[in-house]
Amino acid sequence: MLNISGLNEGYVLDHIKAGDGMDIYTYLGLDKLDTEVALIKNVKSNKMGKKDIIKIEGSYDLDFDMLGVMDPNITIDVIKDGRIIEKRKPNMPEMVEGIIKCKNPRCITTIEQELVHRFRLTDRTKGTYRCVYCEQSFKKK
Ligand SMILES: [Zn+2]
């Protein structure tokens, strides 16, 4: 049972692959929040061996699309009045625009700076997103 003490309202992002917590923290822009945010690394997990957990206090507009692109296996506990009121999975949109950037130096988006970065979901099971312009798959790191 996950300890949610201290959280009255907010989110617990659970089952993050160990080592990915910091990237998700950065991509969600959690460093810019002025509410309580906790990144807990290398938590022991029966299912995963090790996992990372992020706790976010307060009403915050969580980007479920971004989470789906980062890792579709994350579990999101929605906390209200100190209790888990809902367990959610990230969204996995067919197409994402302007959320993540293509890192291929030869991609047209590198040359044409005003082009919107677009990624298409090419493998729902693996959660693979590929750039629509150059087919490069999105890598977090
Ligand atoms: Zn590209």
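The values are calculated or read from the model by the stated rules, or taken from the named source; none is laboratory data. None of the values given here were measured: they were computed from a predicted structure. Every residue, glycine among them, receives a Cβ derived from its backbone with ideal geometry; neighbour counts consider all protein chains shown.
Observations
- Filter result for residue 80 (exposed (fewer than 14 other Cβ atoms within 10 Å of the Cβ), closer than 21 Å to residue 28 by Cβ and more than 13 Å from the ligand (Cβ to nearest atom)): yes
- Flag if residue 72 is in the same structural domain as residue 30 (by TED's automatic domain parsing), assigned to a loop (DSSP other than H, G, I, E, B) and either within 16 Å of the ligand (Cβ to nearest atom) or at pLDDT below 95 (or both): yes
- Any strands (runs of 3 or more DSSP E) falling wholly within the stretch 91-139 and containing at least 1 residues that are among the acidic types (Asp, Glu): 95-97, 118-123
- For the stretch 88-121, the tally of residues that are β-branched (Val, Ile, Thr) and loosely packed, with under 14 Cβ neighbours inside 10 Å stands at 3.
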